[in-house]
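All remarks here apply to the structure that follows.
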2 protein chains.
Amino acid sequence: MMSKSGLSRLPEPPYYAVIFTSRRSDGDDAYAAAAQPMAELAQQQPGFQGVESTRGDHGCGITVSYWADEPSIVAWKRRAEHAATRARGSEHWYHHYELRVAKVERAYGKNTHA
Amino acid sequence: MMSKSGLSRLPEPPYYAVIFTSRRSDGDDAYAAAAQPMAELAQQQPGFQGVESTRGDHGCGITVSYWADEPSIVAWKRRAEHAATRARGSEHWYHHYELRVAKVERAYGKNTHA
C-alpha cells in the first residue's frame with residue numbers, strides 16, 4: 001500500500017483519489033491523538049489502495065487517499081464521520097479545508113529505487 | 001488562484017487535478033532555481049485554476065494543480081517539458097515520482113477566514 005519512500009504504488013487507472021487540503025488550527029494535541037487511528041481505520045476499509053500525505057511549514061497539509069471505486073469512498077466517509085464524532089469533531093482541527101473527490105484517468109511515474 | 005492560506009478556491013466541479021507526488025533527490029540547487037519559474041509558467045497557462053503544494057520532512061512532496069479541462073493539461077505538459085529540458089532535466093531532481101491526472105467530480109470545504 002505504501003512504499004518505503006512514502007509514495008503509493010497503485011494498480012492501473014481508473015481508480016479514485018480523495019484530495020484533502022487543509023490548514024491546521026493552532027494546538028494539535030487532539031489531532032495528533034486521533035489522526036493515527038483514523039489513518040489505520042482507512043487502511044482497513046474495503047477498496048482502500050493507498051495514501052500519500054505531507055504537511056509543510058505554516059500548517060498547510062495535503063493528504064491524497066486512493067480508492068478502488070466510489071462506493072468505497074462513501075463507506076469510508078461514513079465510518080470516518082462516525083469516528084470523528086467520537087473524537088469530538090475533526091472540524092475543530094482545521095481553519096480551512098477543501099475536500100475533492102476525483103477519478104484518476106491516467107498515471108505514470110519513475111522510481112529509481114524500485 | 002491561491003488564497004492567503006495556500007489553499008485554492010476553485011469553481012464548481014467538474015474540473016481536472018494533476019496530482020504530482022515525489023521524493024526529492026539530494027542536493028536541490030538546480031531545483032530551487034527552476035521551480036519558481038515553472039510555477040509562474042503554469043499560472044500563465046490557459047485553463048490554469050490553482051495550485052496547492054507542500055513538502056514535508058524527508059523530502060516527500062505533493063503538488064496538486066487544477067485545470068479547466070484536459071486540453072489545458074496537455075498544453076501545460078508540453079510547455080513544462082520544454083522548460084524542463086532547458087533546465088537540464090527535472091528528472092534528475094527526483095528519486096521517485098508519481099503523476100496522476102484526475103477528473104474532480106465533487107468538492108466541498110470549510111473556511112473560517114473567508
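Could you check the range A:98-114 and list, in sequence order, the residues that are at pLDDT below 80 and facing another protein chain (nearest Cβ under 7 Å)?
Pass one, the range A:98-114, residues at pLDDT below 80: A:110-114.
Result: A:LYS110, A:ASN111, A:THR112, A:HIS113.
Among the residues of the range A:55-74, write down those that are touching a residue at least 40 places away in the same chain (Cβ under 8 Å) and facing chain B (nearest Cβ under 10 Å). Quick ask: steps written out before the conclusion?
Our first condition is that a residue be touching a residue at least 40 places away in the same chain (Cβ under 8 Å); within the range A:55-74, this holds for A:61-70, A:72-73.
Passing the criteria: A:GLY61, A:ILE62, A:THR63, A:VAL64, A:TYR66, A:GLU70, A:ILE73.
Take the residues in the range A:12-27 that are surrounded by fewer than 14 Cβ atoms within 10 Å (Cβ to Cβ) and at pLDDT below 85; name whichever of them is farthest from B:TYR66 (Cα to Cα). Please lay out each step first, then the result.
Just the residues of the range A:12-27 that are surrounded by fewer than 14 Cβ atoms within 10 Å (Cβ to Cβ), to begin with: A:12, A:26-27.
Filter once more, so that each one left must be at pLDDT below 85: A:26-27.
Numbers: A:ASP26: 28, A:GLY27: 30 Å.
Ranking the candidates gives A:GLY27 first.
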Q) If a residue has to be more than 12 Å from B:LEU10 (Cβ to Cβ) and open to solvent by 40 Å² or more (accessible area, probe 1.4 Å) to count, how many in the range B:42-74 make the cut? A) 12
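The values are calculated or read from the model by the stated rules, or taken from the named source; none is laboratory data. This is a predicted model, so every value here is computed, not measured. Because the Cβ atoms are built from the backbone with ideal geometry, glycine has one as well, and the counts that use them run over all protein chains shown. Side chains are part of the model used for accessible areas, which takes the heavy atoms of the whole protein and leaves out ligands, DNA and RNA. Shrake-Rupley method; radii C 1.70, N 1.55, O 1.52, S 1.80 Å.
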